[in-house]
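J.: A single structure is presented below for examination.
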Ligand code: ADP
Ligand code: MG
Ligand code: ZN
């Protein structure tokens, strides 16, 4: 996190703190009010001291509650439901009196409570409360408006610590494409003389954590220009109209600092398709319109490059993609094997790695991981190594970190009933056995019924080398593997549980994509149905929604049946693996494969 990010966070934190203070003050005021009301003497609920002594000598008192430093005591009579309060002139002598009564054989329960916190609040503070609340409110409003004024600018001192392309691993092609932008920022006249039009905006598409922000900063670092950044979600919060004015201010600042980079993260938050006219949408439109105006407004000599990032390109308004705006789009992919290795190298530079660590094999094991996840894994591994008091980071620490990042922390302390254990064992064994008989599915690496994160157990697969295409057969078999857990529960326990909810969620998404995105349904054919507005769907016929639903259901039903058939056929293996899991909680690759020999 850079200093400026931190500063901005500080602003947010301040807001949160102020907000909390106000709520707290209001709460205290409320409690004080209630408390005062309660102590206000109410005829029905009070008991004169003389009556209290009288009742006590009759043996009618069941319980007395005293608070240190207070002359008000609570009294519960034997024949009455409600408690009464009474004022005692001298608490010490009263307590002695009660104690002698108890010693005489009266059954009086005497409770002594510590001084209540409220009683300790000086009345001065209470009287100052309203003023304090008003003051806090003023400061908060002031702060909120102040936020609108701010753009985060990296001044010269900070710019020197900036990121360069060397900090961005992999992404060679993407970097090569962006070098041009760096060149332009450094020597704009060269391009202008040649009559070249340099793009004003570059859109970076990619999943969270793939390094979009990093590469944007690296461009600024390489060109040695200021980096002004804002996140789309910041534009749309709080007051109406603020979004547009912030965009204006952002570009005002950019013009002053040019040549520079303006980075808009999560641009989908302001740049979503303009569809309806609901309140939030209108606000968005104003912000988006302002952004378009600003981008059209500066000339290419002004040397401002707007970089924007999103992980939902399909959401963006087409107006953003027109020439002169974000006319260049670069996809930032998840790193491939080589990229992952480079990222691991960069992020392990300042870490103490043991000799036994093999970054190549970690890279092989982490297909599909983003740069942020890989950085996170190495960091977690360092934390684990420290906790385990290892000399340096060992291979097992990294393995544990991978599991922690993917399935969550192991929770050995949690007490699990035998019934749950059996259910989990069969569920996980179900996934594992089914996968074993599906040619396209990866080999099982480990099965465990020790809870981790929110999962009751897990089946880990060895990740294959990166794939660019996935076949229909592979997706169908993936569905079978996913539903293997539920199928085993049904088959063995003749009952099903909530444990399969995540599997079902993933399976449904895959099946839906097969039908609506990849055109894999024979009945509907290769048509893209995804993300279409209802009126767009109409051209495929009235009941197209029903048909899609039917196709998705068929895929799922077939997979579920196949899973059950496989498990019935190999019931002995299922039982054997579940048995090992119940005994040892975990089964590794070798032990697992042995059962099938
Ligand atoms: P995004 O903006 O795409 O969500 P970030 O740029 O914020 O991702 O990446 C988060 C962190 O992950 C970076 O600060 C960096 O530590 C690490 N990271 C991501 N991609 C890479 C990469 N290609 N090379 C080195 N580190 C990376
Ligand atoms: Mg980012
Ligand atoms: Zn499962």
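The values are calculated or read from the model by the stated rules, or taken from the named source; none is laboratory data. Predicted model only: the values in this text are computed from it and were never measured. Virtual Cβ from ideal backbone geometry, glycine too; neighbours counted across all protein chains shown.
J.: Suppose the filter is within 33 Å of the chain's Cα centre (by Cα), closer than 25 Å to residue 496 by Cβ and part of a helix (DSSP H, G or I); does residue 575 pass it?
T.: So residue 575 does not fit the description; no.
J.: Can you find a residue that is out of contact with any strand residue (DSSP E or B) (no Cβ under 7 Å at 6 or more places or on another chain), modelled with pLDDT under 95 and under 20 Å from residue 499 (Cα atoms) anywhere in the stretch 457-476?
T.: Checked against the condition, which is being out of contact with any strand residue (DSSP E or B) (no Cβ under 7 Å at 6 or more places or on another chain), modelled with pLDDT under 95 and under 20 Å from residue 499 (Cα atoms), the stretch 457-476 yields no hits at all.
J.: Could you list, in sequence order, the residues of the stretch 83-115 that are part of a loop (DSSP other than H, G, I, E, B) and either touching a residue at least 60 places away in the same chain (Cβ under 8 Å) or within 15 Å of residue 52 (Cβ to Cβ) (or both)?
T.: Scanning the stretch 83-115 gives 88, 89, 90, 106, 108.
J.: Looking at (1) part of a helix (DSSP H, G or I); (2) buried (at least 16 other Cβ atoms within 10 Å of the Cβ); (3) more than 13 Å from ligand 3 (Cβ to nearest atom), find the lone condition where residue 450 falls short.
T.: (1)
J.: Then there is this: Any idea which of 547, 553 is closer than 30 Å to residue 456 by Cα and without any contact (Cβ under 8 Å) to a residue 60 or more places away in the chain?
T.: After ruling out the rest, the residue left standing is 553.
J.: Quick check on residue 436: is it more than 18 Å from residue 499 (Cα to Cα), away from ligand 2 (no atom under 16 Å from the Cβ) and in contact (Cβ under 8 Å) with a residue 24 or more places away in the chain?
T.: Answer is yes for this residue.
Residue-by-condition table, conditions (1) closer than 18 Å to residue 333 by Cβ; (2) in a loop (DSSP other than H, G, I, E, B); (3) at pLDDT 90 or above:
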{"position": "158", "(1), (2), (3)": "no, no, no"}
{"position": "161", "(1), (2), (3)": "no, yes, no"}
{"position": "178", "(1), (2), (3)": "yes, no, yes"}
{"position": "185", "(1), (2), (3)": "no, no, no"}
{"position": "195", "(1), (2), (3)": "no, yes, no"}
{"position": "199", "(1), (2), (3)": "no, yes, no"}
{"position": "203", "(1), (2), (3)": "yes, no, yes"}
{"position": "210", "(1), (2), (3)": "yes, yes, yes"}
{"position": "218", "(1), (2), (3)": "yes, no, yes"}
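J.: Take the residues in the stretch 67-81 that are touching a residue at least 12 places away in the same chain (Cβ under 8 Å) and out of contact with any strand residue (DSSP E or B) (no Cβ under 8 Å at 6 or more places or on another chain); name whichever of them is surrounded by the fewest Cβ atoms within 10 Å (Cβ to Cβ).
T.: Going through the qualifying residues, I end up with 79.
J.: For the stretch 193-214, which residues satisfy the criterion of being surrounded by 16 or more Cβ atoms within 10 Å (Cβ to Cβ) and away from ligand 2 (no atom under 16 Å from the Cβ)?
T.: The answer is 198, 199, 200, 201.
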